[in-house]
Amino acid sequence: MPHLNFCPGVYEANATKINSVCLWMHVIFDPVTNEGNMNERQVADQFEVFNSDFGGRNRQGHGRGGFETNFQFRLEGVTRTGNGPWFRNIQANEVAATTALARDPCRCQQVYFSALPNSLLGYCYLPSSFNSCSPRHGCFNDYRTAPGGSRTNYNLGQTVTHEVGHAFGLLHVFQGSQCTGCGGDQVCDTNPQRNPTNGCPVNAANSCNLADGRRDNINNFLDYSIDRCMCEFTRLQSARMDAQIAQFRPGFLGADFKAQVESLVPGAYAEAEQYQMWNMEHPKQYGSAVVEAQSAQEQFEALRN
């Protein structure tokens, strides 16, 4: 793919340790028509695209784009499930599907593909939404957004990148339309942004009317730009992902991390898991001390228009 002018192609290497997170991809399709049964090439391309995006070397930036995060993924496996109701309405059947299909949710990110309704491209849960080992964690994507799919302008694979960004604790760059401080995404090296981006404008808007002229984050994976416009995470988005995963999904950081905790305080890991589960089930009993799930809006607002 030739270099695209709307992605700056600026790469920033990461000098810290890169964590390898295991990944399972789940293809759910219609067993009668075979619709949604992505071929092996599509699955491989989708994995390569979003892994490259997290590595700051994506295709839109001509192999160079944004900050190299601390996370890379290794594909543990792919499941294929022919189930018409799950394929056509994963939202109504989500609990059953994830309970049946999730593999090693303590250690592995789960990514699901099926048909999603209307213009919904995908949705995902934040890492604080459930107990860290719950099979409910996962990102749900319309299969037509995979590379080569039929969702015009959204078929280069960046929907998965956007959704996994949520799974690792990132909020939209326009979250809450907040224009003060670090903006609604709580990340200080993305510009405050009031409105989501539509398409891929030649000149980014200044939707917050910032006096210093800073523009909206049209190239950021956590905006709503079309796929060919997206090409970067920032350094502080990477830092937020580090903190969110360490707090809420420590199993992603590997057995060494768990062993270190257990060697210092035997049983601490299991106790922490139980405590988090209790807090999630009884959110009003402990007020501000509780690690509460994010609002339903934040959980499901991963649609890019």
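Laboratory data are not the source of any read-out in this text; all were calculated from the coordinates shown. No experiment lies behind these values; they were computed from the predicted model shown. Cβ atoms come from the backbone with ideal geometry, glycine included; neighbour counts cover every protein chain shown.
A crude spin-label estimate for the pair residue 133 and residue 203, with each label 7 Å from Cα along the Cβ direction, gives 5.6 nm. Spin-label pair residue 18-residue 99: with each label point 7 Å from Cα along the Cα-Cβ axis, the two points sit 3.9 nm from one another. Taking packing as the residue-averaged number of other Cβ atoms within 10 angstrom, the listed peptides 26-32, 105-111 run from highest to lowest as 105-111, 26-32. Most tightly packed first, judged by the mean number of other beta-carbon atoms within 10 Å of their residues, the peptides 33-39, 233-239, 154-160 read 154-160, 233-239, 33-39. Sorted on the mean count of surrounding Cβ atoms within 10 Å across their residues, most packed first, peptides 82-92, 136-146, 207-217 read 136-146, 82-92, 207-217. Close amide H partners of residue 82, meaning residues 5 or more places away or on another chain with modelled amide H under 5 Å apart, are 29.
Extending 7 Å from Cα along the Cβ direction at residue 153 and again at residue 118 yields two label points whose distance is 1.7 nm.
Under a 5 Å amide H cut-off, with hydrogens placed 1.01 Å from N, residue 19 pairs with 71, 72 among residues at least 5 apart or on other chains.
With a ≥ b ≥ c taken as the square roots of the eigenvalues of the C-alpha gyration tensor of segment 11-171, please select rounded if a/c is under 1.5 and otherwise prolate if a/b is larger than b/c or oblate if it is not? Provide the component values of the computation, followed by the final result.
Details: a/c = 1.89, a/b = 1.32, b/c = 1.43.
Oblate is the answer for segment 11-171, as a/c is 1.5 or above yet b/c matches or exceeds a/b.
To the nearest 20 debye, what is the magnitude of the charge dipole of segment 11-171 about its Cα centre, counting +1 on the Cβ of each Lys and Arg and -1 on the Cβ of each Asp and Glu? It would help to have the intermediate numbers written out before the result.
Working: 13 positive and 13 negative charges, 23 e Å.
That gives segment 11-171 a dipole magnitude of about 120 debye.
Magnitude of the charge dipole for segment 141-217, about its Cα centre and with charges confined to Cβ atoms of Lys, Arg (+1) and Asp, Glu (-1), is about 180 debye.
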